[in-house]
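What follows is one structure encoded as structure tokens, with my remarks underneath.
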Amino acid sequence: MATVDLMAHTHHAPDDASHSDAHHHHAHSPHPHGTLGHEQPDAGSMATLLDLDAAVTGHYLDDVAGRIEALVTRPTRVIDLGSGTGTGTLALARRFPTAQIVALDNSTELLERVATAASRDGIDDRVRTVTADLDHALPAEVIDVDIAWASSTMHHFADPGALLSSTFAAMRPGGVLAVVEIDELPTFLPADTAEGEVERRLRASANARHWNAHPDWSSTITDAGFELVDTIDVVTHIDNPPHAARDYAALWIGRARNGLADEITDDDRTVLDRLLGDGPTSVSARDDLVVDARRVAWLARRPA
Ligand SMILES: C[S@@+](CC[C@H](N)C(=O)[O-])C[C@H]1O[C@@H](n2cnc3c(N)ncnc32)[C@H](O)[C@@H]1O
């Protein structure tokens, strides 16, 4: 069975199927990831999705950064593994004013956005971007790390175990690792509406298809030498979400509609098309949107 990943940009099949333990309520498959949708999003549309994601569900950045803060004292070096547009980079820079943050990604286009955002926020002296392929290891120049952050990225890398081992080696004793993954297809309509029911059917299909499959990273993390501190369910529920939620909802619903096209009934497709259209009941016009999303975060430490 193919797995699907709505946030796919570039993909690699995991070499090692041993980390495919079931996690939470849906089982994950060791099979290669595929995209939910026929085309890989280009860097521009990926950037739009990532920025909307932070604008709407960005509280998770502060939630998890707050948990990290309780574990480290005056960090000076933070790395963001697969930074994308830098939503995590910037949140960490805000949270840790004593730190230099290194954003690593294999997309120079996305890293340029990180640099632009850092100068916009007046913190370009503390944010550095490094183009790097993280499939197997960190670049050797990365050393003395106090905090390593990997959000919605770990499942992209070809050999997450090797990357985590090299992260461990680059980390100072007492340093903290945070791995975050999106857990479920988010929904945007109230559960008690016909549209909300369609969305929940989509989510069930996506789960059954191992959408955004990620293993329980616990054993990969501890195998690399880290001590697991906590696993956190990060639940998002937003009534009256910001305006950006309309575009964000349209993006997700559109991708799910295309990616799961072969499973959607004609009736459900009609509902989805109405949500994606420009009529009064479309997501861009309605004012009853409610965002429900879930992430999971693993916090670990290199023993002091
Ligand atoms: C879903 S995005 C997550 C971005 C960001 N961490 C966030 O949460 O907004 C995945 C990121 O991983 C990067 N990526 C994927 N494979 C990579 C690789 N082999 N080496 C470095 N970066 C990679 C992509 O370019 C993309 O920016």
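The values are calculated or read from the model by the stated rules, or taken from the named source; none is laboratory data. Worth saying up front: this structure is predicted, and the values here are computed from it rather than measured. Here Cβ is always computed from backbone atoms with ideal geometry, including for glycine, and neighbour counts include all displayed protein chains. Only protein heavy atoms, including side chains, enter the accessible area calculation; ligands, DNA and RNA are left aside. Shrake-Rupley method; radii C 1.70, N 1.55, O 1.52, S 1.80 Å.
Excluding ARG94 itself, calculate the net charge of residues whose Cβ lies under 12 Å from the Cβ of ARG94, where each Lys or Arg counts +1 and each Asp or Glu counts -1.
Result for the neighbourhood of ARG94: -1.
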Mind listing the long-range amide H neighbours of ALA148? Cut-off is under 5 Å, sequence gap 5 or more, other chains count too, H placed in the peptide plane at 1.01 Å from N. ILE79, VAL176, LEU177, ALA178
Write down the percent of antiparallel bridges among all DSSP beta bridges whose residues are both part of the chain, to the nearest 5. 50
Rounded, prolate or oblate for the chain? Axes are the square roots of the Cα gyration tensor eigenvalues, ordered a ≥ b ≥ c, and the cut-off for rounded is a/c under 1.5. prolate
Amide H to amide H under 5 Å from ARG294: which residues, 5+ apart in sequence or cross-chain, H placed 1.01 Å off N in plane? ASP183, GLU184, THR236
Order these peptides, 249-261, 231-243, by their mean beta-carbon neighbour count within 10 angstrom, highest first. 249-261, 231-243
Under a 1.4 angstrom probe, counting protein chains only, how are ASP287, ASP124 ranked by accessible area, largest first? ASP287, ASP124
HN-Hα couplings for the stretch 123-135 via Karplus (6.51, -1.76, 1.60; θ = phi - 60°), in whole Hz with x for Gly/Pro, come out as 10, 5, 6, 10, 10, 10, 10, 9, 6, 8, 8, 9, 4
Förster radius 25 Å - calculated FRET efficiency between SER282 and SER45 (Cβ-Cβ, nearest 0.05): 0.80
